[in-house]
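**Student:** Got a structure for you, written out below as structure tokens; questions coming shortly.
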Amino acid sequence: MKNNQDIFRKTRVHLTFMNSFMLIVFLLFFIVGTISVLSYIVYNEQKLELKALTEQELEESYVVEPQGKSGENTPINNQGIYINYFLKKNGDVVVGDEFNPEMRSLILDKVKGWSPEGIQVKYVTFSVGNQQEVHFLIAAKHVLNSGGGTGTLYIGKDVSYLWSMFQWLLAVLLGMLLLFVGIAIGIGQIMTRRAMKPIVHSYQLQREFLADASHELRTPISILKSGLEVMDMGENNQLSSFSSDLLVDLQKEAKSAAKLVDDLMLLARTDSGAQPLFYETFDFYSLAEQVVRSIQNVTPPSQIQLNLLSDRSLHFYGDLERMKQLLYILLNNAVQYTQPGGKVTLDYFLEEESQATKLCITVTDTGIGMEPEHLESIFRRFYRVDKNRSRESGGTGIGLAIAKWIVEAHQGDIEVESTPGVGSTFTIYLPLT
Ligand code: ADP
């Protein structure tokens, strides 16, 4: 049992791990995708804005002459601009202005040798003074002024706030990823536990089935084995009277073991869906009559009175052999669980139910009956109300499980009503197709 729990716990953990891993991968893709798209959009927008600012600055301040004397600061009059340089071709600063003068040498270093075609934008990053990293977008444009001098205009924008905004966004998204993964692991555990419930249940049933089957087979086989061990031949190779009696018992046990194996094989085939039904049209009366007669042959009327009530000829479309088996199971049970002097009756008739005609078969006995709490369970494999009594009469607890399968394979229903000490009635409804 502990071993099973281990297997299922491992599978559950494995499934939860796989699900969480997939979720992490998807969320990571989502985060990387979102940040890439956002940063692409923001970068392009900033680039366009900076280009527009540069054009505006050119129009306002550089139409005729760069306003300001060589190397002097010119006040930055546009709110969005953080640096404003006009450099001659040889690198001399004609106009220079920035919010932080410490930056000048650093920025000039970054733009050195940059000769743009049209307006070009560059992203640069560097550390100022106290090592704080700043991020800039710098636009550059070659300018030919009316005085005939040429140079390059550099207009820069501090985008550090956008950089830190993206860093925050990434941190928030990663935090959410951790939270979601935590929730996913928790929910995943519950979901996999639920999803595995039917698997665990059917595994449990299979185990019980195997344990019950081996237990049922062990008894007749050990009886056969010990019986054969003590059987001895008398003089002249004749069986002693003890051995002859024993042989009869052993034959009975061998028969019951063989029947049990047959039943088990049938159930195994029904479980795997490998047991086909062979449909044909047959007369139900002939079948019922034949089964009743064959049971009457081995059950003297003085002991139990077995009657077939209906004599109506009725064409039924189904598996003849399986229907025969169904009647044998129900009638044999009825005879088996009815005391001498009792009555067993088989009847059948047609019943109309919501515009469909059904064949209704009843097997009624005046036998020992069953307490209500057993009625739900008797169709389960190996379930017996009284194990000892059932075993003595050759019962294994499989008959009704097979009966139920036969009925359901014909799209029908089986019901039971029973009163202890009064008797039982099994009713089967089968659609007439
Ligand atoms: P078994 O081989 O033991 O008869 P079944 O699956 O046919 O197995 O029946 C399951 C149990 O249901 C039986 O052991 C018995 O306790 C109970 N049962 C079945 N039919 C009857 C009946 N007609 N009257 C009373 N008990 C019954």
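**Student:** From the list SER241, SER302, which residue is out of contact with any His (no Cβ under 7 Å at 6 or more places or on another chain), exposed (fewer than 11 other Cβ atoms within 10 Å of the Cβ) and farther than 30 Å from THR338 by Cβ?
**Tutor:** Matching residue, one of SER241, SER302: SER241.
**Student:** Filter segment 321-341 for residues that are open to solvent by less than 30 Å² (accessible area, probe 1.4 Å) and more than 18 Å from GLY397 (Cβ to Cβ); which is nearest to the ligand (Cβ to nearest atom)? Can you show your working first?
**Tutor:** Narrowing segment 321-341 to residues open to solvent by less than 30 Å² (accessible area, probe 1.4 Å): 323, 326-327, 329-331, 334-335, 338.
From what's left, more than 18 Å from GLY397 (Cβ to Cβ): 323, 327, 338.
Working: MET323: 17, LEU327: 13, THR338: 7 Å.
Filtering segment 321-341 for residues that are open to solvent by less than 30 Å² (accessible area, probe 1.4 Å) and more than 18 Å from GLY397 (Cβ to Cβ), the one nearest to the ligand (Cβ to nearest atom) comes out as THR338.
**Student:** So which of ILE304, ILE329 ends up being in contact (Cβ under 8 Å) with a residue 40 or more places away in the chain and either under 30 Å from GLY227 (Cα atoms) or polar (S, T, N, Q) (or both)? First the steps, then the outcome.
**Tutor:** Numbers: ILE304 fails: either under 30 Å from GLY227 (Cα atoms) or polar (S, T, N, Q) (or both).
Being in contact (Cβ under 8 Å) with a residue 40 or more places away in the chain and either under 30 Å from GLY227 (Cα atoms) or polar (S, T, N, Q) (or both) holds for just one of ILE304, ILE329, which is ILE329.
**Student:** For the list (1) touching a helix residue (DSSP H, G or I) at 6+ places or on another chain (Cβ under 8 Å); (2) more than 15 Å from the ligand (Cβ to nearest atom); (3) in contact (Cβ under 8 Å) with a residue 60 or more places away in the chain, I need the number of the one condition that ARG312 fails.
**Tutor:** (3)
**Student:** Among the residues that make up segment 351-367, is at least one of them buried (at least 19 other Cβ atoms within 10 Å of the Cβ), more than 16 Å from GLU415 (Cβ to Cβ) and in contact (Cβ under 8 Å) with a residue 12 or more places away in the chain?
**Tutor:** The initial filter retains those residues of segment 351-367 that are buried (at least 19 other Cβ atoms within 10 Å of the Cβ), namely 359, 361, 363-367.
If we keep only those that are more than 16 Å from GLU415 (Cβ to Cβ) as well, we get 366-367.
Remaining after also requiring in contact (Cβ under 8 Å) with a residue 12 or more places away in the chain: 366-367.
Yes: one or more hits.
**Student:** Name every residue in segment 376-400 that is part of a helix (DSSP H, G or I) and at pLDDT below 95, in order of residue number. Show your work before the answer.
**Tutor:** First, pick out the residues of segment 376-400 that are part of a helix (DSSP H, G or I): 387-392, 399-400.
Listed by number, the residues that qualify are LYS387, ASN388, ARG389, SER390, ARG391, GLU392, GLY399.
**Student:** Which ones in segment 1-19 are at pLDDT 85 or above and hydrophobic (A, V, I, L, M, F, W, C)?
**Tutor:** Listed by number, the residues that qualify are VAL13, LEU15, PHE17, MET18.
**Student:** Restricting to segment 368-391, name every residue that is more than 7 Å from the ligand (Cβ to nearest atom) and either crowded, with 19+ Cβ neighbours inside 10 Å or not assigned by TED's automatic domain parsing to the domain that holds ASP413 (or both).
**Tutor:** Once the filter is applied, which keeps residues that are more than 7 Å from the ligand (Cβ to nearest atom) and either crowded, with 19+ Cβ neighbours inside 10 Å or not assigned by TED's automatic domain parsing to the domain that holds ASP413 (or both), segment 368-391 yields only ARG381.
**Student:** Output the residues belonging to segment 89-104 that are open to solvent by 60 Å² or more (accessible area, probe 1.4 Å) and closer than 17 Å to GLY151 by Cα. Steps first, answer last, please.
**Tutor:** Of the residues in segment 89-104, the ones open to solvent by 60 Å² or more (accessible area, probe 1.4 Å) are 89-90, 92, 99, 101-102.
Of everything in segment 89-104, those that are open to solvent by 60 Å² or more (accessible area, probe 1.4 Å) and closer than 17 Å to GLY151 by Cα turn out to be LYS89, ASN90, ASP92.
**Student:** Here's another thing I want to ask about it. Among the residues of segment 105-125 satisfying the criterion of being at pLDDT 85 or above and among the polar types (S, T, N, Q), which is most open to solvent (accessible area, probe 1.4 Å)?
**Tutor:** GLN120
The values are calculated or read from the model by the stated rules, or taken from the named source; none is laboratory data. Nothing here was measured: the structure is a model prediction, and the numbers come from that model. With ideal geometry, Cβ positions are generated from the backbone for all residues, glycine too; neighbour counts draw on all protein chains shown. What goes into the accessible areas is simple: the full protein's heavy atoms, side chains included, and nothing from ligands, DNA or RNA. Shrake-Rupley method; radii C 1.70, N 1.55, O 1.52, S 1.80 Å.
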